[in-house]
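Each remark here refers to the structure printed beneath this line.
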Amino acid sequence: MNKITPQELNKNPFDLIGKQWAMITTKSADGHVNTMTASWGGVGVLWNKPVTYIFLRPQRYTRELMDASETFSTCFLPESYRKELQYCGSHTGREVDKLAICGFEAVTLDNTPVLAQSEIAITCRKLFRQKFNPESFVDPSIDAANYPNKDYHFFYVGEILGVYQK
């Protein structure tokens, strides 16, 4: 993969995240790599740094690993991996090795696990984490529509360390 600057990324983030889906990838302290599918998130500038932001439900295994890790990656795979992305979004890494089942290989870039099959991979260093507070919803219909089980997302901001593309 070739390293480019965040400003050189010429893909539409709405298509990448909302339609193509992202694979949030991180590892445990003992080196176990896990990935999950995400269709909520974004990229931008915050605190004078290029950043990504992602959202993880509290029950997700990736959230546990994210909290114990300093870095994570946001990977985007070709459409030919749609079936694997669906699998990774509906199964937990607590019970199965999703990478092995899906035939994914993890490589390390910027001391961060990245899926080798990625067309684009963004490595990030965690800067911020906060759990959604239901009292903060200005529009209460968002809470009602998205959190019937009151399992509010954790919001993470990561400084972009590197952007890689094939």
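The values are calculated or read from the model by the stated rules, or taken from the named source; none is laboratory data. Source: prediction; values computed, not measured. Here Cβ is always computed from backbone atoms with ideal geometry, including for glycine, and neighbour counts include all displayed protein chains. The accessibility values were calculated without ligands, DNA or RNA, using every heavy atom of the protein model including side chains. Shrake-Rupley method; radii C 1.70, N 1.55, O 1.52, S 1.80 Å.
In table form, for the structure just shown:
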item: With every protein chain in place, the chain: carbon and sulfur % of accessible area (1.4 Å); result: 50
item: Local net charge near Tyr152, Cβ-Cβ under 9 Å (Lys/Arg +1, Asp/Glu -1); result: +1
item: Spatially proximal aspartates and glutamates relative to Lys126 (Cα-Cα < 12 Å; intrachain offsets below 8 disregarded); result: Asp67, Glu70, Glu159
item: Local net charge near Phe128, Cβ-Cβ under 14 Å (Lys/Arg +1, Asp/Glu -1); result: +2
item: Lysines with Cα under 19 Å of Lys150, excluding same-chain neighbours fewer than 8 positions away; result: Lys131
item: The range 99-160: chymotrypsin sites (Phe, Trp or Tyr not before Pro) in DSSP coil with no more than 16 other Cβ atoms inside 10 Å; result: Phe137
item: Accessible-area order (highest first, 1.4 angstrom probe) of the listed residues Glu64, Glu84; result: Glu64, Glu84
item: Rounded accessible area per residue of the chain, 1.4 Å, Å²; result: 52
item: Selected from Asn34, Asn111, Asn146 as most flexible by GNM, with the chain as the system and alpha-carbon contacts under 10 Å; result: Asn146
item: Over 30 Å [Cα-Cα, the chain], rounded percent; result: 12
item: The chain, helix-only ellipticity at 222 nm - DSSP H runs n ≥ 4, -39,500 (n - 2.57), divided by all residues, nearest 500; result: -4500 deg cm²/dmol
item: Radius 15 Å from Cβ of Lys49, net charge of other residues (Lys, Arg +1; Asp, Glu -1); result: 0
item: Separation of the Ser136 and Gln86 label points, Cα + 7 Å toward Cβ, nm; result: 3.4
item: Convex hull of the range 39-130 built on C-alpha atoms - directionally averaged projected area, nm²; result: 6.3
